[in-house]
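Laboratory data are not the source of any read-out in this text; all were calculated from the coordinates shown. All values reported here derive from a predicted model rather than from experimental measurement. FYI the Cβ positions are ideal-geometry reconstructions off the backbone, even for glycines, and counts take in every protein chain you see.
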Amino acid sequence: MTTVKLRHLRISPRKVRLVVDLIRGLDASKAVSQLKFLTKRSAGPVLKLLNSATANALKNQGLTEENLYISDIKVDSGPSLKRWRARAMGRAAAILKRTSHITLTLKEKDSSMVKPQGGKPQRSEPIQEKISVQSEEGPKRPTSKVVEKIIAENKPLPRGKSVAPKRPYQEDSQSKKKFFSRQTFGNAKKIFRRKSI
């Protein structure tokens, strides 16, 4: 485990955290490529800090770069520099030039975290396969009174035909016209009437 610190960085902690949150938990090599292409100003100092931590881990502790990952990285606020700006009616408004302290920790991956060559990590427990229960007749159809009657009589359901739901009107009668005449806007209550021009 290697810990490095960058103190009194002249960028506000809120802006540095945008960059730091992107690389937390990544491999060291992936984090480097991520930081190289970021357009944020704080990406440069964070990249320099990461390179320093990687070099310390390789030289002082003899770790390999492929096994290193960012286990922890945090940004704390440092002291603020006070500046003043003239405002209306002889007043002065404070301007705070904020600073940041960054702490980065690199760790080596355990053997359980290392992926095997050519694919996904293997699990110790076998995955239970989901068993979909279906009836022998096929997929379930929408139930209605007609279908329930057929099931009660133990007759086979017709293949490829879905039983249509019962309509609130009869096909060849006046009830169909009456049903649809009630749906028209003529009988609906008028809420808004447009003014005549």
How would the range 2-108 be classified by its alpha-carbon gyration tensor: rounded, prolate or oblate, with rounded meaning a/c under 1.5 and the a/b versus b/c comparison settling the rest?
prolate
Answer with one residue from ASN51, ILE11, GLN34: the one whose Cα lies farthest towards the positive end of the charge dipole of the range 2-108, charges on Cβ with Lys, Arg +1 and Asp, Glu -1.
ILE11
If a paramagnetic tag sat 7 Å from the Cα of LEU22 along the Cα-Cβ line, which residues of the range 42-83 would have the backbone N under 13 Å from that point?
42-47
How far is it, in nm, from the label point at MET1 to the one at LYS82 when both lie 7 Å from their Cα along the line to the Cβ?
3.9
